[in-house]
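The values are calculated or read from the model by the stated rules, or taken from the named source; none is laboratory data. These numbers were taken from a predicted model, which means no experiment stands behind them. Virtual Cβ from ideal backbone geometry, glycine too; neighbours counted across all protein chains shown. Please note that ligands, DNA and RNA were not included when accessible areas were found on the heavy atoms of the full protein model with its side chains. Shrake-Rupley method; radii C 1.70, N 1.55, O 1.52, S 1.80 Å.
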2 protein chains.
Amino acid sequence: MDTSKALGGVQSRVFKRIAITVLAFTLSAGIMVALFTYAPEKHLQRISNAVGIPFKAWPIPQCGGFIGSNEIWEASQTKYQHLRDDKFTIAMQTYRRPKELNDTLHALLAEKIPSLQEVVVVWNDLENAPPPNYKSKYGVPVRYRHSKENSLNQKLLPDPAYETQAIFLSDDDIYFKPRDLEFVFQSWRKFGRRRMTGGFTRCAVREANGKWKYSFCSKDEGHNNYNMILSGLAFAHISFLDYYSSQDEIPKKIRAYVDEHFNCEDIAMNFLTSLLTGEGPLLVKGKDPYVSFVPTNGISTKPGHIEARSKCINDYNDMFKCMPLIDETAHIEPGVIIS
Amino acid sequence: MDTSKALGGVQSRVFKRIAITVLAFTLSAGIMVALFTYAPEKHLQRISNAVGIPFKAWPIPQCGGFIGSNEIWEASQTKYQHLRDDKFTIAMQTYRRPKELNDTLHALLAEKIPSLQEVVVVWNDLENAPPPNYKSKYGVPVRYRHSKENSLNQKLLPDPAYETQAIFLSDDDIYFKPRDLEFVFQSWRKFGRRRMTGGFTRCAVREANGKWKYSFCSKDEGHNNYNMILSGLAFAHISFLDYYSSQDEIPKKIRAYVDEHFNCEDIAMNFLTSLLTGEGPLLVKGKDPYVSFVPTNGISTKPGHIEARSKCINDYNDMFKCMPLIDETAHIEPGVIIS
């Protein structure tokens, strides 16, 4: 046996091992850098909102004569604790407005939204089948869910296929620009998990006669606050959707009311969320204003809109036997202030 | 015995009882109305930040090679749970600037601040005795605490006489206007309990050579965030002060460092708070800008200030064996946005 050859074989094996080791290190380092670079803001640091604090369901707080089932509400909280809280799902309701829907989907999916897990289009057109599901160019699944009935309650269903705790409730004619949507989600994670957290506010204001009136809020001295964030552009925790869709007395009455009037599911979500948490809603402003198509066929432009909405507030007030809405005086804006 | 007289006695006793009962009810109703009217914003609704969720101490999260005592940190958390969280204490540090101190106290005490429990002036002038304690015209006690040493650590002592969980750390030359201070406190309660929550930001920025640099932050694209709120104008939970002042290894080293350099206790508070919570600081803007006297005798106007502060950051980074500061991209502003 030629020892120099054998030695050459050993040397080449040693060289191969070194080369493979170096290659493996380089690849690992590359992958780590890539992971850190592409990881959405703070995800590595904040898997949970409350470092080390274990989840615990809480009972329904006292509010006037409201009676609800603690068992149902505690089940709504416990059921979704295994879902991830570092990504979110868009639940977008649509009804025969293909142009608006496509424009909105296109705007949302044209850029990368780091924490977007899935888009679910709640297709309320019973007669026409939705288009097939697809994946966006950034790999986000777009799933059309054909509703069993044309009901505003469909958007608020806690879809058993949802994979995230955060659900972004939206309509087909309004959207945050992608980087702002990511910012609003991060604000929900940090500050708004127990709130309706989103882009536009409305107010229930008590009038001199004791009745409640729906309004667009006011910046006047002594007001300059808000007590509702509408679900056309808002994050909600899936537990609140679950309780809204539950068999508890009040949620059942609410859903029947919403179907009867084809209105006010968003007001009801604010009533329920504030009732269950004792907190107000949370307004978040993006870097850019949100984009809204002029609604040509939407329900909020009909004459008598304010009156109908005021009636909902007063009817819910009677139904709940309490006014759970809470005035919030603060809101979130992006960036730093230099001083 | 005259039965009519006896009957008259009974009637007058019955009448007296009715009168007393009516009077008692009226008084109770009056007191209740008064209590509800004068209760500061939301206090009745939000005794706790987390409705029904019991307090649970959490361990120190992982951060690089940082080693701390979970027992000490858990004790720091548990010790103050009995203190009220719906009021706050001002801890104002002063050293031989009677004009600034008096102007600041006057501005703060001239208007009612509903949630202000007590003002503690941390009197760091060892040679001259402080003036006597007094009560403001709105009944707020002003207590002078004569420091045992002229140390920047004195402001961060968890005074055993404190009655509140929220401590507003401040200096004698800077203040929020009263209604803004109340707003910042309410923002701390709702969003910032686990953060340094206050009025002005600073940044630790990593340079190309791997060293950290102290800066006034930047609104440039890709930055526009902050990772410190200075303790000249900031709320901190008393548990963080307790850990800062504890016998754990790193806090002891920090206090010695602060005394040696007469600087950087505020940077240290940001390091510790973000280390213990995994959260960034929180900037809150009031309706008006905060008021700041031009510092004539303060340490932050000395030449070499930026370099000295940068050195602190790098030294703490070595001491902690990790960089716990977390970039925050959001801040709080007052009021509603109409849309």
When only residues in region A:224-251 that are closer than 23 Å to residue A:181 by Cα and small (Gly, Ala, Ser) count, which is nearest to the other protein chains (Cβ to nearest Cβ)? A:232
Out of B:182, B:221, report the one residue that is modelled with pLDDT under 95 and within 14 Å of another protein chain (Cβ to nearest Cβ). B:221
Name, by its number, the condition in (1) within 13 Å of chain A (Cβ to nearest Cβ); (2) outside any strand (DSSP E or B) that does not hold for residue B:202. (2)
The condition from (1) under 19 Å from residue A:245 (Cβ atoms); (2) open to solvent by less than 30 Å² (accessible area, probe 1.4 Å) that residue A:75 misses is numbered (2)
Selected residue [at negative phi, open to solvent by 50 Å² or more (accessible area, probe 1.4 Å) and away from every other protein chain (no Cβ under 14 Å)] from A:268, A:256: A:256
Every residue in region B:237-264 that is under 15 Å from the mean Cα position of the chain (by Cα) and not aromatic (Phe, Trp, Tyr), please. B:237, B:238, B:239, B:241, B:242
Based on what the data block shows, is residue B:275 within 14 Å of chain A (Cβ to nearest Cβ), modelled with pLDDT of 95 or more and either surrounded by fewer than 21 Cβ atoms within 10 Å (Cβ to Cβ) or closer than 15 Å to residue B:203 by Cα (or both)? no
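Condition check ((1) modelled with pLDDT of 65 or more; (2) touching a helix residue (DSSP H, G or I) at 6+ places or on another chain (Cβ under 7 Å); (3) of a type in the set (Val, Ile, Thr); (4) not in a loop (DSSP other than H, G, I, E, B)) across all residues:
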| position | (1), (2), (3), (4) |
| --- | --- |
| B:30 | no, no, no, yes |
| B:33 | no, no, yes, yes |
| B:48 | no, no, no, no |
| B:65 | yes, no, no, no |
| B:73 | yes, yes, no, yes |
| B:81 | yes, no, no, no |
The one condition residue A:292 fails out of (1) within 14 Å of chain B (Cβ to nearest Cβ); (2) open to solvent by less than 50 Å² (accessible area, probe 1.4 Å); (3) over 20 Å from residue A:189 (Cα atoms) is (2)
Residues A:302, A:287: which one is over 16 Å from residue A:63 (Cβ atoms), surrounded by fewer than 21 Cβ atoms within 10 Å (Cβ to Cβ), within 12 Å of chain B (Cβ to nearest Cβ) and not hydrophobic (A, V, I, L, M, F, W, C)? A:287
All but one of (1) open to solvent by less than 40 Å² (accessible area, probe 1.4 Å); (2) assigned to a strand (DSSP E or B) hold for residue B:182; state the number of the condition that does not hold. (2)
Looking at region B:185-198 only, could you name the residues that are open to solvent by less than 10 Å² (accessible area, probe 1.4 Å) and at the interface with chain A (Cβ under 10 Å from one of its Cβ atoms)? B:186, B:187, B:192, B:195
Identify, by number, the condition in (1) closer than 26 Å to residue B:245 by Cα; (2) open to solvent by less than 10 Å² (accessible area, probe 1.4 Å); (3) away from chain A (no Cβ under 14 Å) that residue B:104 doesn't meet. (1)
Give just the number: which of (1) modelled with pLDDT under 95; (2) in contact with a strand residue (DSSP E or B) (Cβ under 8 Å, 6 or more places away or on another chain); (3) open to solvent by 30 Å² or more (accessible area, probe 1.4 Å) does residue A:43 not satisfy? (3)
For residue A:245: the one exception among (1) in contact with a Pro (Cβ under 9 Å, 6 or more places away or on another chain); (2) modelled with pLDDT of 95 or more; (3) under 30 Å from residue B:200 (Cβ atoms): (3)
Quick check on my filter: what residues within region A:57-76 are among the β-branched types (Val, Ile, Thr) and more than 10 Å from chain B (Cβ to nearest Cβ)? A:67, A:72
Restricting the first residue to region A:306-332 and requiring it to be in the same structural domain as residue A:200 (by the TED database) and at pLDDT 95 or above, which pairs with a second residue that is part of a helix (DSSP H, G or I) and not polar (S, T, N, Q) meet a Cβ separation below 6 Å and a spacing of at least six or different chains? A:312/A:267; A:316/A:271; A:319/A:253; A:324/A:271; A:324/A:275
Return yes or no: is residue B:310 away from every other protein chain (no Cβ under 14 Å) and part of a helix (DSSP H, G or I)? yes
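Yes/no per residue for (1) over 20 Å from the mean Cα position of the chain (by Cα); (2) surrounded by fewer than 19 Cβ atoms within 10 Å (Cβ to Cβ); (3) β-branched (Val, Ile, Thr):
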{"site": "A:113", "(1), (2), (3)": "no, no, yes"}
{"site": "A:121", "(1), (2), (3)": "no, no, yes"}
{"site": "A:125", "(1), (2), (3)": "yes, yes, no"}
{"site": "A:131", "(1), (2), (3)": "yes, yes, no"}
{"site": "A:149", "(1), (2), (3)": "yes, yes, no"}
{"site": "A:157", "(1), (2), (3)": "no, no, no"}
